[in-house]
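Notes follow the structure.
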Amino acid sequence: MPYCHVIVLRRGKNEAKKWLMHMKLLAAVALHQAKTNILLFSPGHACKVFGRMPHRVPAAQGRVHRLLDGAPDRNRARRVAGGLNPCECSGMDGRNHMQMQPLINERSRCSTHGCRRSNSVPIIELYLQFPWNGPLPRGPWFVVAFGLVSPRAANARNGKSSRQSSSQAVGRSVSNQMRPLRDPAKLAAAASSQRHLREIHAHLLVSGRIASPSHLAAFLASLASSSSDDDDDGDLSYARLLLPRRPATLLAHNSLLRALARGRRPHLAFGAFRDLPLVPDNYSFTFLVRAATALAAAAASALDAALIAGSVHASALRHGHAGDPHVQSGAVSMYAAAGDVGAARAAFAEIASPDVVCVTAMVGALATGGEADAARELFDGMPQRDHVAWNAMIAGYVHTGRSREALRLFDEMRHAGAAVGEVTLVSALTACAQLGALERGKWVHSCAHSRGMRLSVTLGTALIDMYSKCGAVAAAMEVFDSMGERNVYTWTSAVSGLAMNGMGRDCLALFKRMESTGVEPNGVTFVVVLRGCSMAGLVDEGRACFDSMKSNHGIDPWLEHYGCMVDLYGRAGRLDDAVNFINGMPLEPHEGVWGALLNASRIHKNVELGKYAMDKLMAIESKNDAAHVLLSNIYADSQNWKGVSNVRNMMKAKGVKKVPGCSAIEVGGKVHEFFVGGKTHPRHKEIEMMLAEMNQRLRLQGYIANTKEVLFDIEEEDKEDAISLHSEKLAIAFGLVALPEDMEIRIVKNLRVCEDCHDYTKMISKVFNREIVMRDRNRFHHFKDGACSCKDYW
């Protein structure tokens, strides 16, 4: 027969609900690993509970008597209790210990359970252990936590035969579980689950050691740090509930503050700091600065981040703790997260002897602030570098687009013997994604696997991004499908990968799947979905997606969303709709909106609309080199060489220079870069010979150079010579020379591929029977058998 373990609280119904959490943790201890349930019981049913006990010991009678003392039917209470005095509860001894085990310590029994009937109501009123085979009715008076444990299961856990008393088995299991709790502070910090934390607290209650400030502080910190994002009424509330029940100490409050600052909801640390009943010390501000660092990094704008950092630093100054070394070091990290390199420099200059943590923070601040060279100088001067310093410098290179240097430093880090963790590999994967270095990215992936790293959300998302930006969509989706946990960023990365590779229908399907799983898309998700629709020409689907932002998800469109819609209409040739859409915008159009209209004018050769868009764009961003080139292309298409000349003169007057075309290809784990007409590559002679062979074989197939985008009024032959040396053609030639015949050629170009190079590459894929993947500034082109995945819609 199963045994039912009951804990009764002497509380009213409303207060009983407030103490449900206490009930759960105490029941967890009493029942060991049994499932715990919560019911409300009436005083009458408490009598029934007592009546079904096999042995009614005096202590139990006394407990029930006092339990029902406030009930309306006091005569019934006296009859059940047998007229015994409630104070006789103190007479419990070892002989009846197996029949009833009150989970309270001996010292507090008389004060909290005595005949004085103190208003300080005890947490535990009664713990009963008895055979039970009937239903448990509900009532409004008392909270009862109960759970069922079979005698066989209870005994099996303790290695005993089923003939032994179930009471002994359960009692020993609880005792065994509590035996190692001689240092609750350490165990609380190392608790493996929320249930474990509550068991520890129950032990502290039983032993009376919860009064120890250090034990309480450790327990509070562990509760706060174990709280989940959606656990607003869980362990965090439970931790807050404990604070006012003890004399206020900075140790306890700072422990809670520290845990909140390090947790997933650092904004709660500000509330805890505001409610601090004591004067904050240097540790309080150290933890507050850490929370501010996390908030500044996630702030919606630079202004918000600056306000957060400045207010916290000002508060530390006001309380006289801004000069504390820990606060100073934290201030450097805080301003770095806020993007205020000047303030970070000032805070760093005030530190007499910066430690490795502080120097690392400054390295990160300089690197992410665009001063990578200054960061590297500081990094190289560090006498000791831990893995955090290496990670900061690598991430700084990645942030500033210096991906090759990031990968070189990654290699140095490994050779130096520094610990390579998930943060390091995520930065390395991002660098590979920027370069389009698929083979190197695969190596980093295998490195993570060989080190036994779990495929976390962060690592998995970085892998999806890397494979997508290298054109390996199948590999990206394989990683996505293998992930056990995904967040909105994971889904967005996968949707973006499909979009940039021209798979608009698949992009929309994955987005619908995302919505069906209950993952709420954010603004970035809609940006990539709209781009996917634009690249695939899905106008109606894109418009429906745009309209659903506000109606279905409550997201107000950003300027980026409006720019995507203009691009969607413009690419499809619906120029009037694009103009009308701009005129109906509730926001002032930015350069992205007018740039999309200008590009649409180039695609559809509308000179007047192009001039209109250019004028609007120049009023916002007068030195946009891409805009000048687009307008030049529009003029060149219409043979308006005077217009081309005017644009060129305008660029010279403004000091605007066209960004030179650059194409990169990875061979043997090394990235090779080629510029227009470049002749500096060590294998230049071989490249020239292959380029000549390519041109000859394509001419035999009827290839005629498309010179419309040559922005000079020169002879046709000179135009052909000019476009024959475009960087992507040089990269393809090197790929044909250096790569095995059965291997794809993967090119990454910094600019949009021109029409001639696009047609040229299609023919190369057919004539040389090679698959070529090219990533330009806007999208991917997968060339195979003389066709492109974009279907000439780019």
If I stretch the segment between LEU251 and ASP380 completely, what's the gain in nm (0.36 nm per residue apart, minus their alpha carbon distance), one decimal?
42.6 nm
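Tally Lys/Arg at +1 and Asp/Glu at -1 over every other residue whose Cβ is under 10 Å from the Cβ of ALA448; what's the total? Let's see the in-between values first.
Working: positive: ARG451, ARG454; negative: GLU422.
Here the charged neighbours net out to +1.
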Given bins 5 angstrom wide, list per bin the percent of all Cα-Cα distances in the range 247-314, short to long.
3, 19, 30, 23, 14, 6, 2, 1, 0
What nm distance separates the two modelled labels at GLU350 and MET743, each placed 7 Å from Cα along Cα→Cβ?
5.5 nm
For GLU588 and SER645, FRET efficiency with R0 = 30 Å and r from the beta-carbon atoms, rounded to 0.05?
0.40
Just want the ordering: TYR335, TYR612, from fewest to most Cβ atoms lying within 10 Å of their own Cβ.
TYR612, TYR335
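Grab the Cα-Cα distance for ASN522 and VAL457, subtract it from 0.36 nm times how many residues apart they are, and report the gain in nm with one decimal.
On the way: separation 65, 0.36 × 65 = 23.40 nm, distance 1.70 nm.
Length gained between ASN522 and VAL457: 21.7 nm.
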Just list whichever of LYS670/LYS762; LYS512/LYS605; LYS512/LYS616 have alpha carbons separated by over 28 Å in the model shown.
LYS512/LYS605; LYS512/LYS616
Please give the length that would be gained between ILE620 and ASN769 if that part of the chain were fully extended, namely 0.36 nm times their separation in residues minus their C-alpha to C-alpha distance (nm, one decimal).
49.0 nm
Could you give the Stokes-Einstein D for the range 662-788 in µm² per second, using the C-alpha Kirkwood radius, 25 °C, 0.890 mPa s?
168 µm²/s
Cα gyration tensor of the range 574-658 diagonalised, 5x eigenvalues square-rooted, in angstrom largest first, produces semi-axes 22, 16, 8
What residues from the range 538-577 fall in the zone where the backbone N is under 18 Å from a label point 7 Å along the Cα-to-C-beta line of HIS267?
554-556
For ILE747, list long-range residues whose amide hydrogen, built 1.01 Å from N in the peptide plane, is under 5 Å from its own amide hydrogen.
VAL773, MET774, ARG775
In the neighbourhood of HIS326 defined by beta carbon distances under 10 Å, the net charge of the other residues (Lys, Arg +1; Asp, Glu -1) is -1
Between VAL667 and residues 5 or more places away or on another chain, the pairs with built amide H atoms under 5 Å apart involve HIS672
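Dividing the alpha-carbon Rg of the range 392-465 by 2.2 N^0.38 Å yields what?
On the way: Rg = 11.1 Å, N = 74, 2.2 N^0.38 = 11.3 Å.
Taking N as the residue count of the range 392-465, the ratio is 0.99.
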Cα convex hull of the range 482-625, projected area averaged across orientations, nm²:
9.1 nm²
Please compute, for the alpha-carbon atoms of the range 502-556, the extent along each of the three principal axes and give them in descending order in Å.
26, 21, 17
Tally Lys and Arg at +1 and Asp and Glu at -1 over the other residues with C-beta under 14 Å from the C-beta of MET689: what net charge comes out?
+2
List, in order, the whole-Hz ³J(HN,Hα) value for each residue of the range 664-674 obtained from phi through the Karplus relation with A = 6.51, B = -1.76, C = 1.60 and θ = phi - 60°; use x for Gly and Pro.
10, 9, 9, 9, x, x, 10, 8, 10, 10, 10
List the residues whose amide H sits under 5 Å from the amide H of VAL676, counting only those 5 or more places along or on another chain, with H placed 1.01 Å from N in the peptide plane.
GLY661, SER727
Could you give me the ³J(HN,Hα) list for the range 740-745, computed from phi with Karplus coefficients 6.51, -1.76, 1.60 and θ = phi - 60°, whole Hz, x at Gly and Pro?
x, 5, 8, 10, 5, 9
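Since every read-out is calculated from the coordinates, none of them should be taken as a lab result. Remember, it's a predicted structure, so these values are computed and weren't measured experimentally. Note that each Cβ is placed from the backbone with ideal geometry, even for glycine, and that neighbours are counted across all protein chains shown.
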